[in-house]
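See below for the structure under consideration.
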């Protein structure tokens, strides 16, 4: 079977599917800051903005102002940011407690009220 010179013998294929959703800058930054807050141990510096941006983007998705395909990135960034802030608060409280307790033990030891082993 012969074909005319400008005709393709194979049927046309459907084009590859294109992601119709637009990537959200807030969701992407929220995820980046959330990962950075845990990896770099900078809970308040990066975790708080990650949580705020993640929750703002989730609100935008809920109200229809942003594409729903960004929900997982925004949710992950918000969760990572909240975890980093929570760990930072716990660490700060423990640091204050052990710092105060250490100073108390040191003063009691100097005054001779603690037995030495």
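Full extension of the segment from residue 90 to residue 111, taken as 0.36 nm per residue of separation minus the current Cα-Cα distance, would add 4.4 nm. Taking 0.36 nm per residue of sequence separation and removing the Cα-Cα distance, the residue 45/residue 79 pair yields an extension gain of 10.7 nm. Each of the peptides 61-74, 27-40, 84-97 was scored by the mean count of other Cβ atoms within 10 Å over its residues; in descending order, highest first, they stand as 27-40, 61-74, 84-97. By the gyration tensor of its Cα atoms, with a ≥ b ≥ c the square roots of the eigenvalues, what is the shape of the range 25-87: rounded for a/c under 1.5, prolate for a/b over b/c, or oblate? Because a/c hits 1.5 or more and a/b exceeds b/c, the range 25-87 counts as prolate.
Rounded to the nearest 0.05, what FRET efficiency is calculated for residue 22 and residue 52 with R0 set to 22 Å and r the Cβ-Cβ distance?
For residue 22 and residue 52, the calculated efficiency is 0.55.
Every read-out reported here was derived from the displayed coordinates using simple, explicitly stated rules and does not represent laboratory data. Being a predicted model, the structure only gives us computed values, none of them experimental. Please note: Cβ atoms are built from the backbone with ideal geometry, for glycine as well, and neighbour counts cover all protein chains shown.
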